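Just so you know, all these numbers are worked out from the coordinates, no wet-lab data involved. These numbers were taken from a predicted model, which means no experiment stands behind them. No Cβ is skipped: glycine too gets one built from the backbone with ideal geometry, and neighbour counts run over all protein chains shown.
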Amino acid sequence: MKLLIINGPNMNMLGIREPDIYGRKTYRDLEQFLHKSAEELGIEIELFQSNSEGALIDKIQEAYFQRFDGIVINPAAYTHTSIAILDALKAVALPAVEVHLSQINEREAFRHISYTAMACEKSYAGFGFEGYHMAMQYLHEHHGSGQS
Ligand code: DQA
């Protein structure tokens, strides 16, 4: 199984940005965590991070043409604003799972709405890096080889 793991704006600033909320681990640490998780689960992954909405949409569209089996996405702030990313996820219709490091429902009211989650089968928020592992595991269990 081949999954695309997408991180949105400011996720490259992990370790520097608001450490009280997002912790002190860097995006590089997240990449290493994801590669280790993928190896444990026996799946292939490609990682992508961008601060630009258009680049995120282009990558989601590519996932369709490059025959990925699913998408794990942390759209970061675009979660709460981007109907265009929601539409891209709907357009490719690949199984998708949303992840947030923080528990968005316990933060400011504007973070309580997730447009992108409307095109996702599941969301994990507030589990830190572990949420990505849970998302990969979910897709592996429900959409890996031999699953319906
Ligand atoms: C985030 C939560 C978003 O509200 C925020 O804009 C982010 C990160 C998270 O992982 O907790 O950039 O997606």
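Considered as a group, the residues in segment 5-23 that are in contact (Cβ under 8 Å) with a residue 40 or more places away in the chain and in a helix (DSSP H, G or I) include one that is nearest to I73 (Cα to Cα), and that residue is M11. Any residue in segment 130-140 that is away from the ligand (no atom under 13 Å from the Cβ) and small (G, A, S)? No, there is no match, as no residue in segment 130-140 is away from the ligand (no atom under 13 Å from the Cβ) and small (G, A, S). Is at least one residue of segment 43-53 in a helix (DSSP H, G or I), out of contact with any helix residue (DSSP H, G or I) (no Cβ under 8 Å at 6 or more places or on another chain) and of a type in the set (S, T, Y)? Scanning segment 43-53 turns up no residue that is in a helix (DSSP H, G or I), out of contact with any helix residue (DSSP H, G or I) (no Cβ under 8 Å at 6 or more places or on another chain) and of a type in the set (S, T, Y).
For segment 11-60, the candidate set comprises residues that are polar (S, T, N, Q) and surrounded by fewer than 14 Cβ atoms within 10 Å (Cβ to Cβ); within that set, the residue that is nearest to I85 (Cα to Cα) is S52.
When segment 61-104 is filtered for residues that are touching a strand residue (DSSP E or B) at 6+ places or on another chain (Cβ under 7 Å), within 16 Å of the ligand (Cβ to nearest atom), free of Cβ contacts under 8 Å to residues at least 60 places away in the same chain and not acidic (D, E), the ones remaining, listed by number, are L89, A96, V97, V99, H100, Q103, I104.
For segment 24-49, a residue qualifies if it is polar (S, T, N, Q), touching a residue at least 12 places away in the same chain (Cβ under 8 Å) and away from the ligand (no atom under 15 Å from the Cβ), and exactly one does: S37.
Conditions (1) closer than 18 Å to I83 by Cα; (2) within 16 Å of the chain's Cα centre (by Cα); (3) surrounded by fewer than 17 Cβ atoms within 10 Å (Cβ to Cβ), marked per residue:
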position: A96; (1), (2), (3): yes, yes, no
position: N105; (1), (2), (3): no, no, yes
position: H112; (1), (2), (3): yes, no, yes
position: C120; (1), (2), (3): yes, yes, no
position: G131; (1), (2), (3): no, yes, no
position: Y138; (1), (2), (3): no, yes, no
position: H142; (1), (2), (3): no, no, yes
